[in-house]
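Reading through the structure tokens given below for one structure.
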Amino acid sequence: MRSLQSHPLKFTVLLALVWAFVLVLPTMVVASGSGADVTQHSKSAYTGGPPQLENAKGEACIRPSDWMRRNHMDFLKHRRAQTVREGLRIRSESLIKCAECHQSREKFCDQCHNYVGVAPDCFECHSYPK
Amino acid sequence: MTMDRRTVLGLGGVATAGVVLAPGMTLIAAPPPDKTEASSDQRWAMLIDVNKCDSNCTACTKACRQENNVPLFGDPNRDIHWIRKLEIRDKEHRRPSVSLPVMCNHCENPPCAHVCPTQATFIRKDGIVLVDKHRCIGCRYCMLACPYKARSLVYHETSRNEDSNPEVPIRAKGVVEKCNFCVHLVDDGKQPACVQACRNEGKHAMIFGDLNDPQSEISVKIRTVKTQTIRADLGLKPHVHYEGL
């Protein structure tokens with residue numbers, strides 16, 4: 001106490017902090033309560049879930065489906081570069097073969113791309129094989 | 001019964017002799033194999049007989065535009081031409097004027113590929129000079145470097161219509177493009193669209209083939225007939241040859 005009296009500035013700061021805490025605490029409680037409400041509300045409003053893709057026509061994909069889900073973008077981009085620059089054309093693994101099973105781009109590619117918010121621009125120039 | 005080595009080899013010889021046909025004959029038009037890749041075993045080239053080319057005929061340019069979805073913007077300064085028909089006149093009228101199609105010459109030393117800052121323009125193993133439009137940044141350095149005016153920049157957005165060829169992409173704005181010898185057809189064992197059109201609708205003035213194959217029509221003709229290339233003095237070794245120029 002003696003030291004506080006000898007430093008009036010320190011005492012004022014401490015008092016201000018105490019008051020600030022007393023004032024702010026109820027506000028925080030209210031805010032956290034309403035925050036919880038907001039979370040609850042958005043959870044109940046969201047019904048989407050991951051997109052459900054239509055079943056593909058064929059027996060099996062050219063690679064395991066799990067692998068394709070994770071790696072198709074690198075696979076396609078690598079093949080694209082090989083085809084353009086080295087002339088590599090593997091007809092059994094071309095995009096035409098993709099379209100034989102996944103017939104609609106809107107119901108297949110676009111579903112997940114829209115869900116995760118990516119916008120590959122392949123089909124602004126190329127046409128999806130029919 | 002076991003066959004010794006000599007018998008097996010003999011049977012192989014008989015089997016081989018059975019499938020050999022007269023040169024130039026094939027049994028059936030076989031579909032291309034599942035996997036093909038550009039190889040330096042081939043060297044694609046074109047030979048154009050200027051004497052046969054008619055100045056009124058535009059079969060090659062029309063077929064090119066149709067096959068490759070080459071857009072027309074209606075502005076002569078910005079229209080894209082992969083193949084152009086030129087009229088060459090002798091100023092002193094000593095020789096008759098000639099009409100000839102001019103396109104990318106697919107040079108062996110392509111100046112366009114040398115100047116490209118992103119390596120978007122490159123020369124494939126089989127000698128076709130291509131633009132990787134995924135890499136092109138549209139700087140147009142290659143257009144300045146090309147002595148044949150074979151390149152165009154896509155100045156405007158393009159869109160697909162019902163006449164478009166679905167096999168070939170339409171264009172992204174701001175990339176440079178040019179004749180690619182119809183690489184998608186060549187890889188499938190077919191001839192470029194202009195050569196097909198010239199044979200079917202035109203005067204059969206264009207030949208396309210492999211210079212590395214000494215038996216191919218184009219190799220035989222280049223060996224036996226006097227042919228020229230445009231601006232051979234530049235040392236670019238173009239692979240579009242002209243006869244009767």
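Values quoted throughout were computed directly from the atomic coordinates according to the rules given, and no laboratory measurement underlies them. Just so you know, these numbers come straight off a predicted model, no measurement behind them. Every residue, glycine as well, gets a Cβ built from its backbone with ideal geometry; the counts of neighbours run over all protein chains shown.
With 25 Å as the cut-off, how large is the P(r) tail for region B:39-243, expressed as percent of Cα-Cα pairs?
Value for region B:39-243: 37 percent of Cα pairs lie more than 25 Å apart.
Excluding residues on the same chain fewer than 8 positions from B:Lys85, give the aspartates and glutamates whose Cα lies under 17 Å from its Cα.
Of all the aspartates and glutamates, those that pass the test against B:Lys85 - Cα under 17 Å, at least 8 places apart if same chain - are B:Asp49, B:Asp54, B:Glu201, B:Glu243.
Which ordering of B:Met143, A:Met68 is given by a fewest-first count of other beta-carbon atoms within 10 Å?
A:Met68, B:Met143
For the residue pair A:Lys107 and B:Ser39, what label-to-label distance in nm results when each label sits 7 Å from Cα along the Cα-to-beta-carbon direction?
In this crude spin-label approximation the distance works out to 4.2 nm.
Do you know the relative contact order of region B:21-156, to the nearest whole percent, from alpha carbon pairs under 8 angstrom that are 6+ apart?
Details: 164 pairs, mean separation 32.3, N = 136.
That works out to 24 percent.
Rg to Rh for region A:43-130: what is it, with Cα atoms only and Rh by Kirkwood?
We get a ratio of 1.00 for region A:43-130.
Per-residue Cβ counts within 10 Å, from other chains only, averaged over A:78-88: what number is that?
Mean inter-chain Cβ contacts per residue within 10 Å come to 5.
Would you list the membrane-span-like helices of chain B, meaning whole DSSP H runs whose alpha-carbon atoms span at least 15 Å along their axis and whose mean Kyte-Doolittle value is at least 0.0?
B:5-19
Could you work out the relative contact order of region B:39-243? I mean the mean sequence separation of Cα pairs under 8 Å and 6+ apart, divided by the number of residues, in percent.
31
Cβ under 12 Å from B:Asp54's Cβ, B:Asp54 left aside: what net charge do those residues give with Lys, Arg +1 and Asp, Glu -1?
Working: positive: B:Lys52, B:Lys85, B:Lys203; negative: B:Asp49, B:Glu87, B:Glu201.
Residues near B:Asp54 contribute 0 overall.
Could you list A:Val116, B:Val168, B:Val129 in order of exposure, starting from the residue whose Cβ has the fewest other Cβ atoms within 10 Å?
Listing A:Val116, B:Val168, B:Val129 from fewest to most nearby Cβ atoms yields A:Val116, B:Val168, B:Val129.
What does the average come to when, for each residue of peptide B:180-186, you count the partner chain Cβ atoms lying within 10 Å of its Cβ?
Whole-number average of other-chain Cβ neighbours for B:180-186 is 1.
Please identify the longest segment of chain B free of exposed GluC sites (Glu not before Pro), where exposed means a DSSP state other than H, G, I, E or B and no more than 10 other Cβ atoms within 10 Å.
My reading of the result: B:1-91 is the longest stretch.
What percent does the relative contact order of region B:114-193 come to when contacts are Cα pairs within less than 8 Å and at least six residues apart?
27
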